[in-house]
Amino acid sequence: MAQATAYRWVDEDGVVHYSDRPREGAEEVHLGRPPGFTAPALPAAPRAPAPAPTTDPAPAYESLAIVQPGQEETLWNIGGLLNVSVQVRPALRSDHRVQVIYDGQPLDPLPPGVTSFELSEVWRGEHTLRATVIDAEGRVLTESPTVTFFVQQTSILRPQPP
């Protein structure tokens, strides 16, 4: 890095100014080489031990999907009760369970082996469902796409379409 020159002057109010351009009445100030900086060496990060191989790896699920209700399906007059069906391939292991997320809120995991159930208090409006397969420790193994569906209710003012 080259050395630089600066110029210093004092104005009529006694304020000291510096500039990199000469000015009438300014004195030249030679700036030495700026002090260098060398970052200190950081200690090497400890290496994490390699994970131990597992003797019973979790199976890979080929697919997980909510098959009932269907994507963007409109349901009429369900009285707050919705039948939900989930399809898992291959079949669930005995220590794995399905957990459904309804309108962003996880429901209690279904009993082992159960993939269909009735959900209550599903009222008029737009809703979403998503399913996950969880292992015995509650870890998510796979997740379905989100299904959006609609619930409509017939009223005297707006009868159900034919």
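The values are calculated or read from the model by the stated rules, or taken from the named source; none is laboratory data. Treat the numbers as computed from the prediction; the structure is a model and nothing was measured. FYI the Cβ positions are ideal-geometry reconstructions off the backbone, even for glycines, and counts take in every protein chain you see.
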Output for segment 135-155, where each listed residue is over 19 Å from Leu110 (Cβ atoms), in contact with a His (Cβ under 8 Å, 6 or more places away or on another chain) and of a type outside the set (Phe, Trp, Tyr) | Thr148, Val151
Would you kindly identify the strands (runs of 3 or more DSSP E) lying entirely within segment 71-152 that contain at least 2 residues that are among the aliphatic types (A, V, I, L, M)?
-> 82-89, 97-102, 125-134, 140-143, 147-152
Taking the stated definitions as given, is Glu62 at pLDDT 90 or above and within 50 Å of the chain's Cα centre (by Cα)?
-> no
Index of the failed condition, Val122 passing every other in (1) surrounded by fewer than 16 Cβ atoms within 10 Å (Cβ to Cβ); (2) out of contact with any Ser or Thr (no Cβ under 9 Å at 6 or more places or on another chain) = (1)
Does Thr74 count as at pLDDT below 85, among the polar types (S, T, N, Q) and out of contact with any helix residue (DSSP H, G or I) (no Cβ under 8 Å at 6 or more places or on another chain)?
-> no
